[in-house]
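Below is one structure; the comments refer to it alone.
The values are calculated or read from the model by the stated rules, or taken from the named source; none is laboratory data. Given the structure is predicted, the values throughout are model-derived calculations rather than measurements. Neighbour counts run over all protein chains shown; Cβ positions are idealised from the backbone, glycine included.
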There are 2 protein chains.
Amino acid sequence: MLIRVDGSSTVPLYEQIAAGVRRAITEGAVSRGDRLPAAKELGASLDVNMHTVLKAYGQLRDEGIIEMRRGRGVTVVDQPADHALLAESARKLVADARRAGLTAEEIIRLVDVRDQKRRE
Amino acid sequence: MLIRVDGSSTVPLYEQIAAGVRRAITEGAVSRGDRLPAAKELGASLDVNMHTVLKAYGQLRDEGIIEMRRGRGVTVVDQPADHALLAESARKLVADARRAGLTAEEIIRLVDVRDQKRRE
DNA sequence: ACCTATTTGTCCGTATGTATG
DNA sequence: CCATACATACGGACAAATAGG
């Protein structure tokens, strides 16, 4: 799994790392159930502090794509959900959001993981 | 707003602080739109590090309960309930979708109601 | 327009705790 | 018991956004 970070970028290091791991997964460089390098280890290879890697990992965990366990390490979450169920959940979310008065753009922003800046 | 923490508890300090703020809001000790004490300030009064308070605040922000802005501070949002529920639903949807292997663009399409409109 | 203080955001380093194997 | 690896907490440093003089 090769990830590169740019210290001069305005994008936070932990976001770059998280994006790199996501990319490695979607591109198949890392498979489901695979173990990711220990935070300390990946940090060393990127010349980045362990905590920064842990923050990236924590974000991915919150997104549900990896699992973190003490003493055991980090693994890519095992397997899928059903597309029909996803569509159903999506319709519900949109309905709720519309009731709450959100615009289409705001609803999209709700699930947009591409712009990694905190919503403000 | 009075919060107390127990350093000997197994519950993490930042969880205790987050719980205390939630309680203060639901009990009406803090109103919508009110400003919460600066992390440094609350930390000093609780004898806890600023970063620990910031972690608690960050959790509440992820739940949609508060807003944080540099230079300005932390404020309780207008409609915590609605926003929190929506954010939570969205988070789950994104997590499920990612487990199903959907890309960010595919996830957005799930909730995009702007049919043929151009997305910039 | 400028400067300063405030306050959150990120990153680093260290230390200690806790679950796993 | 021991090594591994994440979890929490502290502290310091600097950056970036905001507000006020």
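On the given criteria, is residue B:88 away from DNA strand D (no atom under 15 Å from the Cβ), in a helix (DSSP H, G or I) and surrounded by fewer than 17 Cβ atoms within 10 Å (Cβ to Cβ)? Yes, satisfied. Of the residues making up the stretch B:88-108, those that are facing chain A (nearest Cβ under 7 Å) and either at positive phi or of a type outside the set (Lys, Arg) (or both) number 13.
Selection of the stretch A:26-56 for residues being assigned to a loop (DSSP other than H, G, I, E, B) and among the polar types (S, T, N, Q) yields A:31, A:49.
Scanning the stretch B:39-74 for residues that are modelled with pLDDT under 95 and under 22 Å from residue B:28 (Cβ atoms) gives B:59, B:60, B:61, B:63, B:64, B:65, B:66, B:67. Given the criteria among the charged types (D, E, K, R) and buried (at least 18 other Cβ atoms within 10 Å of the Cβ), does residue A:22 qualify? Yes: the conditions hold for residue A:22. Scanning the stretch A:37-51 for residues that are within 11 Å of DNA strand D (Cβ to nearest atom) and in contact with a helix residue (DSSP H, G or I) (Cβ under 7 Å, 6 or more places away or on another chain) yields a count of 6.
Applying the criterion of being within 14 Å of another protein chain (Cβ to nearest Cβ) and aliphatic (A, V, I, L, M) to the residues of the stretch A:30-54, the residue that is nearest to residue A:68 (Cα to Cα) is A:54.
Restricting attention to the stretch B:61-81, and to residues there that are away from every other protein chain (no Cβ under 13 Å) and buried (at least 19 other Cβ atoms within 10 Å of the Cβ), which single residue is farthest from residue B:13 (Cα to Cα)? Of everything passing the filter in the stretch B:61-81, B:76 is farthest from residue B:13 (Cα to Cα).
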